[in-house]
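Here the structure is laid out as structure tokens; the discussion comes afterwards.
The values are calculated or read from the model by the stated rules, or taken from the named source; none is laboratory data. All figures in this text were calculated on a predicted structure; none of them were measured in a lab. Because the Cβ atoms are built from the backbone with ideal geometry, glycine has one as well, and the counts that use them run over all protein chains shown. To get the accessible areas, we keep the full protein, side chains included, count just its heavy atoms, and leave off ligands, DNA and RNA. Shrake-Rupley method; radii C 1.70, N 1.55, O 1.52, S 1.80 Å.
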Amino acid sequence: GWCPLSPAGAQTTQLLVEPPWTPAVLWDRVTLTCQGPGTPGATTWYKDGRNWWQEGPDHFLVSKSGTYKCDRPSIGLSNPVHVLD
């Protein structure tokens, strides 16, 4: 079962990949979800190290390959997720 609540004291932004297997490839219709406390609408997305989407949604369907990270004001930068063609 998937639990939306992170353990107490875990203040890391989790970047969730659906489907969960690696490597993530566009053909699988990959959805990235930025998890963490705070307002979902205040998510900043980074693609290939650049600020890519200010005040974006907390999840979206990936349409281009690259390395994605998300940032939430209350927690900080997530782990990177690589999406391949």
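Summary table below
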| read-out | value |
| --- | --- |
| Wholly enclosed strands (runs of 3 or more DSSP E) of segment 20-85 bearing at least 3 residues open to solvent by 90 Å² or more (accessible area, probe 1.4 Å) and without any contact (Cβ under 8 Å) to a residue 24 or more places away in the chain | 50-56 |
| Members of segment 5-36 that are within 13 Å of Ile75 (Cα to Cα) and modelled with pLDDT under 85 | Ser6, Gly9, Ala10, Gln11, Thr12, Thr13, Gly36 |
| Which numbered condition Trp2 fails, given (1) open to solvent by 40 Å² or more (accessible area, probe 1.4 Å); (2) of a type in the set (Phe, Trp, Tyr); (3) modelled with pLDDT of 85 or more | (3) |
